[in-house]
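Everything below concerns the one structure shown next.
Values in this text are rule-based calculations from the coordinates and carry no lab data. None of the values given here were measured: they were computed from a predicted structure. Don't worry about glycine lacking a Cβ; one is built from the backbone with ideal geometry, like all the others, and counts go over all protein chains shown.
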Amino acid sequence: MDQDGVLGLWRQGYGWASGLRVGRSAAPIRFLGRRSVVVGGPEGVSRFYSPRLRRERAIPAPVGGVVFGHGSVHGLDDARHHRHKARYLELLTPVAAEDLRLRTRHRWELAARTWEPRRPFVLFDEAARVLTATMLPWAGIPAEPDDVARRARQLALVLDGFASPGRSYVGAVAARRGLDRWAAGLIRAARVGRIRVQPGTPLDVMAHAREPDGRLLTQRDAGVALLNVVRPAVAVAWFVTFAAIALAHQPYWRDRIAAGDDTALGAFAQEVRRRYPFVPVLIARARTGQDVLGVDVPAGGYVVLDVHGTDHDPVHWPDPDRFDPGRFLGPPPAPGTLVPQGGGAVRTGHRCPGEDVTLVLLEEAVRRLALTRFDLPEQDLTVDLARVPTRPRSGVLLAVAA
């Protein structure tokens, strides 16, 4: 425990936590100068979502403030967390997911009409635009094509640089500031009636959200809440790039999906999320001094959940680095074995409420790619597992066949 885990995480990225655990449910570490523990596997996942841990001031402000926004639901606990999360649960319903399925399918169809044969384009950039063009109108946000492109770039910059020191982080901070100003302006315009807002949309809900004492949320806080509906959808662009590579090397699954096999489509999307999780770890803090799976953690110590290692645990996922959608054709995974967007209970815990939406958005991208005859031109498809979040270096150049 001589080296602080933050340095190890920065240097090793996705493999850091599992390298410390080496198959154990828990291993002692130092993290941000405190005695802490890294946990993983079903037992570790269950312990990570214990009420004995808290999220307040768990994610370092320079990271959390950029990716989630200051005062976001991700850093709240107990009644405040339940109250704020209820707004997302009200919006991200099964009905909303199916609405978004149709919307994103249409957007991909429109995008595909612009793809010229043998003229390569960067799939990552295209996916970010399609996902932004899907989410903004659904959220009740007015957006012309130029504005969609601008917001797609900003959202992608935030997600690409929030955990990467250097120029990427500086770009992420600048993009976050621009997005915060834009979102706060939308809230202000909605409240004074300067723009027409469809009732029940995320913009409407966040613009009229109130604190327990009846006060409206500040424009900044409401804007942050609004962005936390839109931003996660753009993170699906990372999954889409990996899905394209997998389709190019998996003609059996590509043909099944193109033929309309929705079972194969769902299994393929799940395997993309398992094989290529967006984040390597999640972080909480101990409310009081306590034993965490045999490791003594003081009050304020960190509990780090090994997301990547749990999704690649050979005990539950044999040959874990092999891409095999067949893993998801049988019974559903056992609790705590698949956590690309966290674990625990969605309604009462800190699990992402937009997981169903993520699957819908990814499935429709995969469907469109499977229906498209494309090649991968010569390019740098290197994936740097020390970088968070990671993706193929080229962004995946795609060339539609003539």
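Key figures for this structure:
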item	result
Cβ crowding within 10 Å averaged over residues, with 227-235, 70-78 ranked highest first	227-235, 70-78
Trypsin sites (Lys or Arg not before Pro) within the stretch 368-402: DSSP coil, no more than 16 neighbouring Cβ in 10 Å	Arg373, Arg387, Arg393
Overall dimensions of the stretch 5-400 as given by Cα atoms, namely Rg and Dmax in Å	20.6, 62
Shape call, the stretch 202-246: gyration tensor on alpha carbons, a/c limit 1.5	prolate
Estimated [θ] at 222 nm from DSSP helical runs (n ≥ 4, -39500 (n - 2.57)) normalised by residues in the chain, nearest 500	-16000 deg cm²/dmol
Highest-fluctuation residue, Ala190, Ala345, Ala58 considered, GNM on the chain with Cα pairs under 10 Å	Ala345
Of Val158, Val205, Val22, the one that fluctuates the most in a GNM where the chain has Cα springs shorter than 10 Å	Val22
Net charge dipole size for the stretch 340-402 [Lys, Arg +1 and Asp, Glu -1 on Cβ; Debye, nearest 20]	160
Part-to-part distance (alpha-carbon centres) for the stretch 1-26 and the stretch 119-166, which is given in Å	32
Normalised per residue, the volume of the convex hull around the Cα set of the stretch 269-402 (Å³)	144
For the stretch 262-313, the Rg and Dmax computed from alpha carbons only, in angstrom	15.9, 48
